[in-house]
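Novice: Dropping a structure here in structure tokens format, bear with me for questions.
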Amino acid sequence: MITSTPVVGTPLDRVDGVAKVTGQARYAGEYPQTGLLHGSVVSSTIARGRVLGIDSTQAMRVPGVIAVLDHGHRPPVSSYDDDYSDADSAEGAPFRPLFNDRVLYSGQPLALVIAETLELARYAGSLIKIDYAEEAHQTDLGACQKSHAAPAETPAPRGDFAGQFAEAPVQVDATYLTANEYHNPMEPHASTVHYKADGTLEIHDKTQGTQNCQDYLHKVFGLPKANIRVRAAFVGGAFGSGLRPQYQLPLAVMAALHLKRSVRVTLTRQQMFTFGYRPRTEQCMRLGADANGRLLAIAHDALGQTSRFEDFTEHLVEWSGMLYQCDNVALSYRLASLDVYTPLDMRAPGAASGMIALECAMDELACAAQIDPVELRRRNFAANNANEGKPYSSKELLACYQQGAERFGWHNRTPQPRSMCNGNQLVGWGMAGGVWEAMQMKASAKARINAQGHLTVSSATTDIGTGTYTVMTQIAADAAGVKVQDVTFMLGDSSLPTAPLQGGSFTVSSVGSAVRQACHVLRTQVLEHARNIYPQVANTPRQQIVFTEGYLHAGNHRWALADIVASAPNGKFEVQIDAEPGARRQPFSTATHSAVFVEVHVDEDLGTIKVARVVSAVAAGRVINPKTARSQILGGVVWGVGMALHEAALTDHRLGRIINHNLAEYHIPVNADCGDIEVIFVEEHDDIVNELGSKGVGEIGVVGVAAAVANAVYHATGKRIREFPITLDKVL
């Protein structure tokens, strides 16, 4: 009997790889257009106040300058003064560029210069004079009192934390500080608006959700959705920065509508620091355990920051109530409103920061109880998510500990700090656990097979570099029974079937499930037609029929799918379906897990820290493409190293302005900062989480890494540093 060899689960090369490395892939700011105009944003130089006047006289005298827009000189915008929100926005009143004379934060866009070239627009922007009435501002979370911060919603407390903590024989009470971080993808945010003769707009935007941008523009400008098409065929990284429309999009559309011309607005690298970011946090962790290290009490109290106009919240403390078994838990999260822009989800939002506090505190508890850090976590393993009162659909975290420790050689570790060295290099070994929720959203997909046997599948999702083109091609090929080279997956277009934003590690589970279902329905249509025209198919039991490699096999007979489809009335079959989370998920909690092991070398004289090697063991259900998934974990690990040792947006609070707003001074890890990184995908079967059994890997790679690095630094030096990033001055 013929059996099919699945493509899902094999390390396939990226189907879009050649286009990217040969320069054929076009990004939002690269689409040509005859007569295209360029816009340059003029930003606020104060953090709070009012604009008294904007003098653009000199700018307008520059030959080639077409117009200058500001709050007093802009076209009327339908619904601009009404309240509206966009997907993934925070609660409150979303920021509106060129809305009025209020200055809400430093770097706020106050004017847009439109010229025939970008160079002219930027030069003319430097000639614009703005008069302000400046007001006192506050941008420093460290200067805020917790009592003045507003409480945010967290899981309800359980048990008696205060009583159990007070009586616990082993206690940890520590505060951890994390810094503001900015996404800084390689591709800056840009919007190219093609204004067509009929007044419709075709827009190429740097976004993680084309339909979100379409809906936003529909609401803001009062344009019919049919008149707005948003495309994002390729996205040069986003990490959350494209989850909500950034201000270059409405500015470019405003200019295009005003001038009835095509306009492009590209933000500078400095302006990439003038919208959402990972917020700074102050987190107090209190852990109480018995003499055997079993947790008796957990409290996680966090202070985060938001803007004056929106309340941004993230799941910062929830992880402390779900990762380990503990009956007495108290979680709190407060928000301080500052004169800054609203934070924004950034790779593993909440978990990346919150797990630093939890996993560093667990390391401190292991030291206080004199228990190996891995063994401490094993003893506190939780099969249920106590926040939700549900068992996990699957949780191979114990296997992550075991396989990661074995590969790393953890058994050779001596527990005493400063006990391992190589010359003047102090060697430290640290570890941490990781967790991220495994979500699924509603999504739609269309599948069409033609008379040549070519399968085209489409959905409006995006590919921000994660490999969406490739994994969807694999899922479709398997589900329809065709060769990978006979599949085209279309994405990044608001006119395609509905898809959620790409983020949260739920694209494969959401869009992938829709693709699989659509291809299965399509295959059924092909089979029914084959039964009508081939008696051998009609007489073969369904369980003996196999679709593979572009053929339908029925017993000893086979037919090319192309021939079957060619004989259909229209020479094609097409289907569109809507997929949503299955009812089987409801009684369960679903999450990915990891264990991260890190070796650092600390120069005893200079205090410099080198991450020599990392082993990351990940349990994420079925891995659709081990090659692209490994790349996702590698990127996450590098990001975690950056959180631990490098990344911090430095603010001059006197000005309320970020002063290292460039890639020379905003430090991120480079090749020389990263040693060997090994990724282990722990086998985990889960037929509850979704029909693919996949949980996603985009976020889990970063979670726990920074804590593991910090724990390794303590093991190397004996110095516990609780303020991130851990720079050499703190070590010395």
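Novice: Could you check how many residues of segment 518-531 are free of Cβ contacts under 8 Å to residues at least 60 places away in the same chain and surrounded by 24 or more Cβ atoms within 10 Å (Cβ to Cβ)?
Specialist: 0
Novice: May I pose another question? Being surrounded by 22 or more Cβ atoms within 10 Å (Cβ to Cβ) and either farther than 28 Å from Arg231 by Cα or not small (Gly, Ala, Ser) (or both) is the filter; apply it to segment 20-45 and report the residue that is nearest to the chain's Cα centre (by Cα).
Specialist: Val41
Novice: Give the number of residues within segment 459-481 that are open to solvent by 10 Å² or more (accessible area, probe 1.4 Å) and either under 13 Å from Ala499 (Cα atoms) or outside any helix (DSSP H, G or I) (or both).
Specialist: 3
Novice: Moving on to the next point. Where the second residue is open to solvent by less than 40 Å² (accessible area, probe 1.4 Å) and part of a loop (DSSP other than H, G, I, E, B) and the first is touching a residue at least 60 places away in the same chain (Cβ under 8 Å) and of a type in the set (Gly, Ala, Ser) and lies in segment 171-188, which pairs have Cβ atoms under 9 Å and are six or more apart or on separate chains?
Specialist: Ala179/Glu647; Ala179/Ala648; Ala179/Ala649; Ala179/Phe724; Ala179/Pro725
Novice: Further question on the same structure: If you check every pair at least six apart or on different chains, which have Cβ atoms under 9 Å apart with a residue in segment 107-132 that is under 22 Å from Pro32 (Cβ atoms) and in contact (Cβ under 8 Å) with a residue 12 or more places away in the chain first and a residue that is of a type in the set (Lys, Arg) and part of a helix (DSSP H, G or I) second?
Specialist: Val113/Arg122; Ala115/Arg122
Novice: Oh, and also: Out of Ala136, Ala156, report the one residue that is over 30 Å from Thr462 (Cα atoms), in a loop (DSSP other than H, G, I, E, B) and without any contact (Cβ under 8 Å) to a residue 60 or more places away in the chain.
Specialist: Only one candidate qualifies: Ala156.
This table checks each residue for (1) out of contact with any Ser or Thr (no Cβ under 9 Å at 6 or more places or on another chain); (2) more than 30 Å from Arg585 (Cα to Cα); (3) not hydrophobic (A, V, I, L, M, F, W, C).
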{"site": "Arg654", "(1), (2), (3)": "yes, yes, yes"}
{"site": "His661", "(1), (2), (3)": "no, yes, yes"}
{"site": "Tyr666", "(1), (2), (3)": "yes, yes, yes"}
{"site": "Ile677", "(1), (2), (3)": "no, yes, no"}
{"site": "Glu683", "(1), (2), (3)": "yes, no, yes"}
{"site": "Val703", "(1), (2), (3)": "no, no, no"}
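Novice: Quick one: which of Gly293, Gly304, Gly354, Gly350 is over 30 Å from Val103 (Cβ atoms), crowded, with 24+ Cβ neighbours inside 10 Å and not acidic (Asp, Glu)?
Specialist: None of the others qualify; the one that does is Gly354.
Novice: Further question: Quick check: anything in segment 199-206 more than 18 Å from Leu316 (Cβ to Cβ) and aliphatic (A, V, I, L, M)?
Specialist: The answer is yes; a qualifying residue exists.
Novice: On to the next question. Quick check: anything in segment 495-517 part of a strand (DSSP E or B) and either open to solvent by 30 Å² or more (accessible area, probe 1.4 Å) or under 30 Å from Gly621 (Cβ atoms) (or both)?
Specialist: no
Novice: Do you know which residues across segment 4-27 are touching a helix residue (DSSP H, G or I) at 6+ places or on another chain (Cβ under 9 Å) and in a helix (DSSP H, G or I)?
Specialist: Gly17 - this is the single residue of segment 4-27 that is touching a helix residue (DSSP H, G or I) at 6+ places or on another chain (Cβ under 9 Å) and in a helix (DSSP H, G or I).
Novice: In segment 239-258, which residues are open to solvent by 20 Å² or more (accessible area, probe 1.4 Å) and either over 17 Å from Leu217 (Cβ atoms) or part of a loop (DSSP other than H, G, I, E, B) (or both)?
Specialist: Phe239 - this is the single residue of segment 239-258 that is open to solvent by 20 Å² or more (accessible area, probe 1.4 Å) and either over 17 Å from Leu217 (Cβ atoms) or part of a loop (DSSP other than H, G, I, E, B) (or both).
Novice: Return the residues of segment 643-669 that are open to solvent by 20 Å² or more (accessible area, probe 1.4 Å) and of a type in the set (Asp, Glu); say none if nothing qualifies.
Specialist: Passing the criteria: Asp652, Glu665.
Novice: Residues Ala179, Ala168, Ala162: which one is touching a strand residue (DSSP E or B) at 6+ places or on another chain (Cβ under 7 Å), modelled with pLDDT of 95 or more and on the phi < 0 side of the Ramachandran plot?
Specialist: Checking each option against the conditions leaves just Ala168.
Novice: I'd like to verify a number: residues in segment 554-569 that are under 12 Å from Ile533 (Cα atoms) and either in a strand (DSSP E or B) or in contact with a Pro (Cβ under 7 Å, 6 or more places away or on another chain) (or both), how many?
Specialist: So the answer is 1.
Novice: Let me ask you something else. Exactly one condition in (1) of a type in the set (Gly, Ala, Ser); (2) more than 29 Å from Met346 (Cα to Cα); (3) assigned to a loop (DSSP other than H, G, I, E, B) is false for Ala124; which is it?
Specialist: (3)
Novice: While we're looking at this one, here's another question. So, in segment 579-610, how many residues would count as being under 30 Å from Val427 (Cα atoms), open to solvent by less than 60 Å² (accessible area, probe 1.4 Å) and not in a strand (DSSP E or B)?
Specialist: Adding up the residues that qualify gives 2.
Novice: Separate question: Just to verify a result, which residue in segment 49-105, among those that are of a type in the set (Asp, Glu) and in a strand (DSSP E or B), is modelled with the lowest pLDDT?
Specialist: By that ranking, first place goes to Glu91.
Novice: Ok, one more. Only residues that are open to solvent by less than 10 Å² (accessible area, probe 1.4 Å) and at pLDDT 95 or above: list them for segment 218-236, please.
Specialist: Matches in segment 218-236: Ile228, Val230, Ala232, Val235.
Novice: Can you tell which of Gln576, Gln536 is farther than 21 Å from Pro6 by Cα, part of a helix (DSSP H, G or I) and among the polar types (S, T, N, Q)?
Specialist: Every option except Gln536 fails the conditions.
Novice: Determine whether Lys695 is over 30 Å from Val427 (Cα atoms) and surrounded by 24 or more Cβ atoms within 10 Å (Cβ to Cβ).
Specialist: So Lys695 passes the test.
Novice: Continuing with this model, one more query. Quick one: which residue in Ala111, Ala115, Ala28 is of a type in the set (A, V, I, L, M, F, W, C) and under 29 Å from Leu655 (Cα atoms)?
Specialist: Ala111
Novice: A further question follows. Name the one entry in Leu335, Leu344, Leu365, Leu303 that is in a helix (DSSP H, G or I) and touching a residue at least 60 places away in the same chain (Cβ under 8 Å).
Specialist: None of the others qualify; the one that does is Leu365.
The values are calculated or read from the model by the stated rules, or taken from the named source; none is laboratory data. This is a predicted model, so every value here is computed, not measured. Glycine also receives a Cβ, built like all others from the backbone with ideal geometry; neighbour counts cover every protein chain displayed. Side chains included, ligands, DNA and RNA excluded: accessible areas come from the protein's heavy atoms. Shrake-Rupley method; radii C 1.70, N 1.55, O 1.52, S 1.80 Å.
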